[in-house]
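Down below is the structure, laid out as structure tokens.
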Amino acid sequence: MNRRQTLKLMAGAAAFATAAGSRALAQAPAGPFKLPPLGYPYEALEPNIDTATMRIHHDAHHAAYVNNLNGLAAKWPDLSKKPMEEILSNLSVVPGELRTGVRNNLGGHWNHTFFWELMTPGGAKAPTEEVNTAIRSVFSGVDQMKAVVKAAGLAQFGSGWAWLAAGKDKKLTVFSTANQDTPHIYAAAKPILAIDVWEHAYYLKYQSKRGDYIDAWWNTVNWDRVAANLRKATA
Ligand code: MN
């Protein structure tokens, strides 16, 4: 694909995202779940994450999970009355016929909300001392931790997420989950950092090069947020 075709594709994708976003907002069923704002402009993470991807990812993909959740909440009102983490930690409370929908859409809403907050155009560019100490107690250093997270993201077959989390022993651990599964589903782990490795998170800019996306993603990390997540996960 030459540059002109690429630009045309991206312009088309951006127009689609705007249309899809407005449509999603216009048709959003009234309900308790709301799409949280990004907290920064779509273009803020350039050149690491491109504007069109951010727009589609937030306004179309995340919006779809929220809309689906409102549809599910209409059938099972408890969905919005308990903390999300409580339901994700114990999906057996969900009526059987709605369980897969809740797993996918509540997981998708939780994961993306967590993910947007993990990225920032500003903020600390390196791990805080506290985060560094936790990393060094398990890995040789930040570079090795990044390599292990990248390997988990590359090894995730199909769609999913790569995680840095605190295990039951409060030590850092790395794993991946499929689809929109969150660490809460696997009771023992509390999330600290996540990389979305669904193709929708990177394909417009990186195409099949998931590893290049993961390498660039580290330039967007909000290390202050990672520190706050670490404190919460190990409290
Ligand atoms: Mn995503």
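The values are calculated or read from the model by the stated rules, or taken from the named source; none is laboratory data. What you see is a predicted model, and the numbers here were worked out from it, not measured in a lab. FYI the Cβ positions are ideal-geometry reconstructions off the backbone, even for glycines, and counts take in every protein chain you see.
Might you check whether a residue that is at pLDDT 95 or above, more than 16 Å from the ligand (Cβ to nearest atom) and within 25 Å of HIS62 (Cβ to Cβ) occurs anywhere in the stretch 188-202? Among the residues of the stretch 188-202, at least one is at pLDDT 95 or above, more than 16 Å from the ligand (Cβ to nearest atom) and within 25 Å of HIS62 (Cβ to Cβ), which makes the answer yes. Taking the criterion of being at pLDDT below 95 and either exposed (fewer than 13 other Cβ atoms within 10 Å of the Cβ) or within 16 Å of the ligand (Cβ to nearest atom) (or both), the residues of the stretch 152-169 that qualify are LYS168, ASP169. Residue check, MET145 against (1) more than 20 Å from ASN70 (Cα to Cα); (2) within 16 Å of the ligand (Cβ to nearest atom); (3) crowded, with 20+ Cβ neighbours inside 10 Å, all met but one. Which one? For MET145, the exception is condition (2).
Yes or no, residue by residue, for (1) over 15 Å from ASP50 (Cα atoms); (2) in a helix (DSSP H, G or I); (3) not polar (S, T, N, Q):
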| residue | (1), (2), (3) |
| --- | --- |
| HIS184 | yes, yes, yes |
| ALA188 | yes, no, yes |
| ALA194 | yes, no, yes |
| GLY211 | yes, yes, yes |
| ASP215 | no, yes, yes |
| ASN219 | no, yes, no |
| ALA227 | yes, yes, yes |
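Please tell me if ASP181 is closer than 23 Å to GLY122 by Cα, within 16 Å of the ligand (Cβ to nearest atom), in contact (Cβ under 8 Å) with a residue 12 or more places away in the chain and charged (D, E, K, R).
Here the answer is no, as ASP181 does not meet what is asked.
The set of residues in the stretch 153-171 that are more than 15 Å from the chain's Cα centre (by Cα) and closer than 25 Å to GLY108 by Cβ comprises LEU154, ALA155, PHE157, GLY158, ALA166, GLY167.
Evaluate the stretch 94-114: report whether one residue or more is away from the ligand (no atom under 16 Å from the Cβ), of a type outside the set (Gly, Ala, Ser), in contact (Cβ under 8 Å) with a residue 40 or more places away in the chain and not assigned by TED's automatic domain parsing to the domain that holds ALA188.
No.
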